Structure formats: structure tokens, C-alpha cells
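Each remark here refers to the structure printed beneath this line.
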Amino acid sequence: MNRRRTALLTLTGLLATALTALPAAPAGADEVEQVRNGTFDNGTDPWWASEGVTAGASDGRLCADVPGGTANRWDAIVGHNDITLVEGETYRFSFTATGSPAGHVVRAIVGLQVDPYDTYHEVSPQLSVSGDSYSYTFTSPVDTAQAQVGFQLGGSPDPWRFCVDDVSLLGGVAPEPYEPDTGPRVRVNQVGYLPAGPKNATLVTDATKKLPWQLKDGRGRVVRTGWTVPRGVDGSSGQNVHSVDFGSYRGHGTGFTLTADGETSHPFDIDAKAYERLRLDSAKYYYTQRSGVAIREDLRPGYGRPAGHVDVAPNQGDGAVPCRPGECDYTLDVTGGWYDAGDHGKYVVNGGISTWEVLSTYERARHARTGNAHKLGDRTLDIPESGNKVPDILDEARWELEFLLKMQVPAGEPLAGMAHHKIHDEQWTGLPLLPSDDPQKRELHPPTTAATLNLAATAAQAARLYRPYDKKFADRALAAARTAWAAALAHPDLLADPDDGIGGGAYPDDTVSDEFYWAAAELYLTTGERAFKEYLLTSPVHTADIFGPIGFDWARTAAAGRLDLATVPNKLPGLDQVRRSVIEGADAYLATLTAHPYGMPYAPQGNLYDWGSSHQILNNAVVLATAYDLTGAAKYRDGALQSMDYILGRNALNMSYVTGYGEVHAKNQHSRWYARQLDPNLPGPPPGTLSGGPNSSIQDPFAQSKLQGCLGQFCFIDDIQSWSTNEHTINWNAALTRMASFVADQG
Ligand code: 9MR
């Protein structure tokens with residue numbers, strides 16, 4: 001029987017689909033039923049049940065007695081095979097179902113009946129005893145004659161009974177237009193503005209002439225009035241908009257609202273307090289991402305779980321992980337680290353930039369005029385290490401650093417000193433799945449230059465930051481960084497395979513001159529040595545304009561080096577020019593923000609919102625914040641603060657992209673264990689979790705079925721199935737951590 005199901009198509013396969021729009025269903029095509037005998041009037045043929053499930057016809061329905069004690073949903077299935085799906089055609093999948101006793105969840109899928117069991121559509125409703133009808137539409141991302149309708153019933157400790165009737169998969173239906181509920185047309189930062197900071201909002205309206213606005217405090221009293229500024233049609237949303245500037249108001253409090261054009265915004269605070277909370281919550285996110293250790297319920301109520309990927313069945317464990325067959329003949333202990341995202345993979349490339357940005361949050365706090373390192377000091381993050389006299393943020397980052405160090409190829413082996421690109425499951429797994437329940441084989445993927453330089457950069461940065469607390473660790477990190485640097489110089493073009501996207505993401509990067517630059521910068525900042533200085537001064541990256549519209553991320557890492565050279569004390573010749581380049585980058589982002597009616601420092605070419613656009617916007621804000629740290633000029637500080645408004649609700653969808661922050665916020669981020677949307681017994685993402693946000697390429701089938709033809713800011717849906725618009729990751733939350741900390745410092 002089918003043992004494995006996957007909720008994800010391979011990323012590479014999807015990227016191809018993403019670039020070409022799906023063909024629309026032919027106009028006037030007939031609706032055709034794909035399921036045979038979905039009414040069970042004459043028995044149950046051609047339906048089948050997996051071993052252990054007793055299924056049969058009962059009162060014109062199919063009823064199944066499901067055994068208790070199975071681990072996964074797919075350990076007990078009732079299904080129908082050999083269905084043909086046509087790529088780009090829309091289907092309506094419907095059924096009625098009961099579950100007894102009440103509260104059981106069925107995972108209903110339309111997917112591939114053979115390995116790798118991709119799912120094209122899935123839902124997991126909670127069943128009642130009296131029964132409900134369910135109906136969904138989706139668009140097939142593939143052509144296949146081997147599709148299956150499956151009702152996955154496993155995972156319950158106790159036996160239960162499932163009955164289903166009127167199962168239908170109707171092809172050729174019209175796609176259902178998806179209309180997001182965007183609430184009031186006055187768009188504000190739903191979390192809050194700083195009393196002494198800028199205060200801007202956006203009004204969506206057909207009006208072309210200026211309109212009056214009113215700011216009301218928590219008691220409903222009008223405390224300020226003014227006029228909107230018509231801004232015309234905003235290219236990132238297609239909306240006609242006005243902007244509102246109420247920055248002259250300097251009071252503070254909670255429950256403010258803004259009214260214009262007959263609409264009243266969601267409530268917001270004028271207060272810095274929420275940012276003190278966000279500073280901590282965004283950093284606390286990392287503890288619940290830890291691999292290799294049980295998450296303590298007393299530290300994170302609702303999030304306690306057994307250790308993931310230790311050598312306890314059904315995990316195969318990360319204690320002795322082999323390479324893929326034929327790629328090496330050793331195994332590595334790569335336990336620990338943070339899970340990358342909603343998957344169970346651990347990737348050195350993305351782990352590196354994430355660690356850098358978490359560490360740089362702390363490093364900025366040590367050096368910047370408004371920084372205060374105690375805010376992230378010992379006993380601030382409620383982690384097991386709290387109370388050990390080491391700043392909690394360093395303890396947290398060390399969890400990942402220790403993992404990164406373990407990914408280095410040992411001395412004596414081929415490519416010694418290089419770092420393996422990643423370690424993850426052999427195949428994609430389905431949702432939900434606790435880390436401790438993952439039965440997949442884990443594998444190391446080949447070393448790459450990019451991964452090696454991520455290791456060199458972060459280990460070198462760690463060497464200077466941890467030295468006051470743990471000299472031995474600092475020495476070990478620096479030695480590993482030097483070894484990695486030398487290995488990368490010896491193997492400068494070992495690139496990750498862009499097609500290596502099965503069971504985990506590929507994180508391919510075909511340009512590594514920026515990683516070389518970043519690593520050289522960190523090694524220079526830590527050691528002051530001539531070789532690194534010379535490398536920096538002769539690198540073309542050192543003088544290149546690296547602050548483009550999209551910004552920096554796991555693949556574009558030069559900014560990490562440049563920002564650190566500009567802010568961490570050092571004696572590199574020509575530092576003025578280095579700092580000037582950051583300020584020029586900030587000027588460009590400030591110009592973008594000023595021209596943007598939603599006030600964000602992001603206007604990607606062709607209005608193509610990138611995967612993880614939320615964090616690109618935050619990273620551009622980091623450049624603005626750094627320009628403020630360097631110059632003290634209020635315009636950069638205000639630009640950085642204003643960028644936060646977009647993330648927290650001043651946007652076309654009128655939603656905050658941070659869980660738990662704002663009246664309406666993303667709360668269904670794609671995750672195998674914060675999967676409340678699929679299983680009410682699991683938690684949702686913890687407060688302070690950033691969603692990836694609008695992504696024009698909508699690579700996942702769920703988003704494709706809802707958002708076809710979407711424009712910029714609208715390419716987003718807060719659904720757990722939308723892994724291309726609504727995942728969470730360690731690198732995105734790092735940008736949030738860094739910006740939340742900056743904003744809190746301005747309060
Ligand atoms: O964040 C990554 C994005 O920039 C890439 O375009 C995308 C495809 O390669 O992959 C994203 O990273 C995912 C990773 O591959 C696997 N874990 C989840 C990550 C976030 O979706």
C-alpha cells in the first residue's frame with residue numbers, strides 16, 4: 001500500500017510551471033464526472049481500502065472502521081485510483097462525510113497514486129457525527145492518468161468510524177474567483193506607530209480629489225484632522241489610492257483609529273511597547289525551530305514536543321547521516337540546528353545568512369548609537385540556556401552554529417574543510433508531521449563553495465562575538481572559518497545542483513563572488529589580517545552597487561559583508577567610501593519608499609514580487625536603519641520605521657504578515673508542526689512568525705488555483721497549503737528580528 005504521501009511537488013518541477021501561466025480551461029467545456037460510483041448505490045467498487053481498514057457499503061454510503069494506534073494519516077486510507085487529470089483544468093472535489101466519535105480529521109486528497117505521491121489538492125476537515133458536505137475547487141498542475149482520490153484516516157490513538165457519500169470530482173468547471181476579504185479601505189500599521197515617529201496610512205478610494213481624514217483616540221475623540229493626498233493608481237496593487245500623513249500627532253495610547261471616505265481603519269496603538277514584545281517574540285521563534293532537542297512546554301506553553309531527528313524511531317535520526325549513495329563513504333553527526341522552515345530540512349546556505357542576521361542584530365545593538373545589547377541579554381528569550389550569563393540571543397544562535405560546524409567535511413576525507421550544502425529527507429513528506437514522527441531517510445548533499453563560505457563567514461563572526469563568553473568556542477569557530485576559507489579558495493566553483501529539489505529545497509546559487517566577499521569581510525573584522533584585507537580591497541564586489549531593488553538574501557550576501565564593514569569597528573583603508581555606499585543604497589530605497597503610495601522601500605522590476613518578499617522589504621529597511629546608525633539623519637530612521645507599516649498592515653490586503661501582531665494577521669503559515677489549520681490539536685505558528693508574503697510566481701498549486709493572474713501585493717493567501725506565498729523560514733524571521741529590534745530601540 002501507499003506508504004508515503006507528499007504534500008509538495010518538487011520545487012524544480014514547480015518552478016518550471018510557475019514561469020508559464022497555466023492554460024485556462026477551454027470556454028464552455030463540459031463538466032465531466034471523474035469518479036466512478038461515488039454514491040455507493042451498488043457496493044463500493046472500484047474503491048479500495050488499505051490494510052487494517054474494514055470498509056464496505058452501508059445504507060448507500062461507504063463506511064470504514066479505522067483502527068487506532070497508527071502514526072500517520074496515510075496509514076489508513078480509502079481511495080479510488082486511475083483518475084485522469086488535465087493540466088490547467090479546474091475540478092470541483094466534493095463529498096459528504098461523518099466521523100464517529102466526533103472530532104476526527106480526514107485528510108482528503110487528490111494526488112498521484114504512485115511514488116512520489118504528490119498531492120494536487122488536499123483538505124483536512126474535522127468531522128461531525130451528523131455529517132457535513134464539503135466542496136472545493138482546484139486547478140490541476142499536471143497531466144496524469146494516475147490520479148487518486150484518497151481519504152486518509154490514520155493517526156488516531158483510538159479506533160473510529162468514517163462514512164462518506166456523494167464523492168465527486170467534476171472536471172471542466174469554471175475556476176472560482178477568489179476575493180480576499182480586505183476589510184476597511186483605510187490601511188494602517190495595525191500594531192502601532194511610535195509617538196515620535198512617522199505616521200502614514202493609505203486610503204483605497206475611487207476619489208481623485210483630496211478627502212478629509214480624522215484621527216480618533218481610544219475613547220473615540222477626534223484628536224487630529226487633515227486632508228489626504230491623492231496618489232493615483234498604485235502599480236503594486238492596481239488600486240487608486242491616497243496617502244495620509246498624521247505624523248504631527250505626538251500623543252500616545254491604544255485603540256486609535258483613522259477615518260476617511262466613510263471608512264474606519266483597524267485599531268492601532270501609538271506606543272513603542274508592542275515592538276519590545278516583537279523584538280523578543282521574533283527571536284523566540286528560533287527555539288521552537290530547534291532540531292535534536294525536546295522543546296520544553298514550560299518555556300513555550302502549547303509548543304512542547306519531543307526531540308526531532310534524534311535516533312528514536314520512527315526518525316532515522318541525524319546522528320550518523322550518510323551522503324547520497326555513491327557520494328561519500330563516511331557519515332556525519334549533524335544533530336541539532338534549526339529546521340529551515342515548515343519542512344524538516346537543514347541547509348547550510350540558508351542557515352548561514354540566518355545566523356548572520358540574528359548575530360548582527362546583537363552586534364548592531366553593541367555598536368549603534370541607539371543600540372542596547374542588554375535587551376537581548378541573558379534571561380530575555382526563555383530558552384533552556386537562560387540564566388547562564390551569556391546573552392540569550394548568542395545562546396540561540398549557537399544552536400545553529402554548532403550544527404553548521406558539524407556540516408564541515410572532516411580532515412582526511414575528499415574535499416576536507418568544505419561544508420555539505422544541506423541535509424534533509426530523501427523524499428518530501430506530507431503535512432502535518434511532527435519532526436519526531438518523520439520516518440524518512442536523511443541524507444547529506446554534496447559540499448558546495450557557497451555553503452563553505454556561509455560557514456566561514458558566520459564562524460568568523462561568531463569568533464569575535466563569543467570570545468568574551470567562551471574563548472574555546474571562539475577559537476574553534478575561527479579555526480573552522482579559516483579551514484573553510486582555504487577550502488573554498490581551493491574549490492571556488494562547486495555549485496549546488498539547481499535540480500536537487502526532491503525531499504528538500506535546492507538553494508542553488510551560481511554566483512559566489514559575493515559569498516567570498518562576505519566571508520573575507522567577517523574574517524578581516526575578526527582577525528584584522530592582511531590577506532583578508534587584500535582580498536577585500538581587490539574584490540570587484542567591494543565597490544559594486546549591491547543595493548538593488550530586490551535587496552539581499554541567502555543568495556545575494558554581499559550586503560552582509562558591506563554592512564558589517566561599515567559598522568563594526570575596523571581599520572580597513574577607504575572606510576568612508578564603504579559607508580558612503582551604504583548611504584547611497586539607503587538613498588535609493590528612500591526614493592522608492594517616498595514614491596510608493598504604500599510607503600515601502602520595495603519596487604521590484606516588472607512588479608515581480610519575490611519569494612519571501614516580506615523579508616526583502618525588511619532587509620531593504622535594514623539598509624535604511626544602518627544609514628541612520630551611520631549618520632544619525634532622521635530621514636533614514638523614519639524610512640526604516642515607515643517600512644514596518646507595510647509589514648504590519650498598511651498594505652493592499654490589509655493584513656499583518658506577523659502572527660499575533662495586528663487585528664488581522666497571517667496565522668496559517670505552511671508548516672509541518674505549527675499545523676493547526678490541518679489538525680486542531682496542533683498549535684499554529686508562534687507569535688512573531690513572519691509569513692513570506694506576496695510572491696508573483698505562485699509556485700504552489702493551491703495559490704495557482706486561487707491567485708491566477710494576481711498583481712504584486714495580491715499574490716498571497718494565508719493558507720497552510722500555499723508554501724510559495726505563506727511559509728515561514730529562519731532567514732525571513734531574522735530580518736524581522738533585526739528590524740523589530742531597531743524599531744524598539746527608537747521607542
Ligand atoms: O526562500 C527560498 C526562495 O528564495 C527560493 O526561490 C525557493 C526555491 O528554491 O526556495 C525557498 O526556500 C525554501 C527552501 O528551498 C526549503 N525550505 C523552505 C524554504 C522557504 O520556502
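The values are calculated or read from the model by the stated rules, or taken from the named source; none is laboratory data. The structure displayed is predicted, hence computed values, not measured ones. Here the Cβ positions follow ideal geometry from the backbone for every residue, glycine too, while neighbour counts run over all protein chains shown. Surface accessibility is based on the protein's heavy atoms, side chains included, excluding ligands, DNA and RNA. Shrake-Rupley method; radii C 1.70, N 1.55, O 1.52, S 1.80 Å.
Looking at the stretch 41-117, the GluC sites (Glu not before Pro) that sit in a DSSP loop and have at most 12 other Cβ atoms within 10 Å of their own Cβ are Glu51. Here Lys210 is the anchor, and the lysines within straight C-alpha reach of less than 22 Å, apart from those fewer than 8 places off in the same chain, are Lys199. For Lys273, a cut-off of 14 angstrom between C-alpha atoms picks up these aspartates and glutamates, skipping any fewer than 8 places away in its own chain: Asp281, Asp745. Between Gln239 and Asp234, the built amide H atoms are under 5 Å apart, and every one of these is 5 or more places off in sequence or on another chain. Within the straight-line cut-off of under 24 Å between alpha carbons, the lysines reachable from Lys472 are Lys389, Lys406, sequence neighbours fewer than 8 places apart in one chain being disregarded.
Considering only Ser705, Pro301, Asn388, the residue lying farthest towards the positive end of the dipole of the chain is Asn388, judged by Cα position with unit charges set on Cβ.
Any idea what the alpha-carbon Rg over 2.2 N^0.38 Å comes to for the stretch 372-499? Working shown, then result.
Details: Rg = 17.0 Å, N = 128, 2.2 N^0.38 = 13.9 Å.
Taking the Cα Rg and dividing by 2.2 N^0.38 Å, one obtains 1.22.
Each residue of the stretch 145-153 is assigned a 3J(HN,Hα), and the resulting list reads 9, 10, 8, 9, 9, x, 10, 8, 10 Hz, derived from the Karplus form 6.51 cos²θ - 1.76 cosθ + 1.60 (θ = phi - 60°), x at Gly and Pro.
On a C-alpha basis, how far is the centre of the stretch 331-380 from the centre of the stretch 603-659 in Å? Whole number, if you could? Rounded to whole Å, the Cα centres lie 20 Å apart.
Of the accessible area of the stretch 320-573, computed with a 1.4 Å probe over protein heavy atoms only, carbon and sulfur atoms account for 54 percent. Between Asn189, Thr355, Gly251, the Cα set farthest toward the positive side of the dipole of the chain (charges on each charged residue's Cβ, about the Cα centre) is that of Gly251. Between the alpha-carbon centres of the stretch 718-740 and the stretch 59-98 there is a gap of 31 Å.
The residues of the stretch 13-171 present an accessible area of 40 Å² per residue when probed at 1.4 Å with all protein chains retained. Our summary gives the stretch 320-573 a relative contact order of 19 percent, counting only alpha carbon pairs under 8 angstrom and 6 or more residues apart.
The fraction of accessible area contributed by carbon and sulfur in the stretch 13-171 is 49 percent, rounded to a whole number (1.4 Å probe; ligands and nucleic acids excluded). Here the stretch 202-344 is assigned +1 on the Cβ of each Lys and Arg and -1 on the Cβ of each Asp and Glu. Its dipole about the Cα centre then comes out at about 980 debye.
What shape does the stretch 88-156 take by its C-alpha gyration tensor, where a ≥ b ≥ c are the square roots of the eigenvalues and a/c under 1.5 counts as rounded, a/b above b/c as prolate, and the rest as oblate?
Oblate, since a/c reaches 1.5 and b/c is not below a/b.
Return the carbon/sulfur percentage of the accessible area of the stretch 614-747, one whole number, probe 1.4 Å, all protein chains in place. Please report the intermediate quantities before stating the final value.
Numbers: 1140 of 2510 Å².
The computed percentage sits at 45.
State to the nearest 20 debye the size of the charge dipole of the stretch 616-683 about its Cα centre, where the only charges are +1 on K and R beta carbons and -1 on D and E beta carbons. Show your work: numbers first, answer last.
Values: 6 positive and 5 negative charges, 22 e Å.
In total the dipole reaches around 100 debye.
Where the only charges are on Cβ atoms (+1 Lys, Arg; -1 Asp, Glu), what is the dipole of the chain about its Cα centre, to the nearest 20 debye? Can you show the working numbers first?
On the way: 62 positive and 88 negative charges, 682 e Å.
The dipole magnitude comes to about 3280 debye.
The convex hull drawn around the Cα atoms of the stretch 13-171, when projected onto a plane and averaged over every direction, covers 9.6 nm².
Determine the relative contact order of the stretch 602-747: mean sequence separation of Cα pairs under 8 Å and six or more apart, normalised by residue count, in whole percent. Present the calculation step by step, with values, prior to reporting the outcome.
Working: 274 pairs, mean separation 38.7, N = 146.
26 percent.
Each residue of the stretch 376-388 was assigned a 3J(HN,Hα) from its phi angle through the Karplus curve 6.51 cos²θ - 1.76 cosθ + 1.60 (θ = phi - 60°); the sequence is 10, x, 4, 6, 9, 10, 6, 10, x, 7, 4, x, 8 Hz, with glycine and proline shown as x. Only one residue of Pro601, Phe547, Gly632 has its Cα farthest out toward the positive end of the dipole of the stretch 533-636, where Lys and Arg carry +1 and Asp and Glu -1 on Cβ, and that residue is Gly632. For the stretch 13-171, averaging the sequence separation of C-alpha pairs within contact (under 8 Å, six or more residues apart) and dividing by the residue count gives a relative contact order of 35 percent. Would the stretch 93-237 count as rounded, prolate or oblate if I go by the C-alpha gyration tensor, calling it rounded below 1.5 in a/c and otherwise prolate when a/b exceeds b/c, oblate otherwise? Judged from the Cα gyration tensor, the stretch 93-237 comes out prolate (a/c at least 1.5, a/b above b/c). How many angstrom separate the Cα center of the stretch 277-326 from the Cα center of the stretch 159-194? Spelled out, the Cα-based centre of one part sits 31 Å from the other. With Cα atoms as the point set, the chain shows a radius of gyration and Dmax of 26.4, 85 Å.
Projected onto planes of every orientation and averaged, the convex hull of the alpha-carbon atoms in the stretch 320-573 covers 14.5 nm². Each DSSP beta bridge with both residues in the stretch 320-573 is either parallel or antiparallel, and the antiparallel ones are about 90%.
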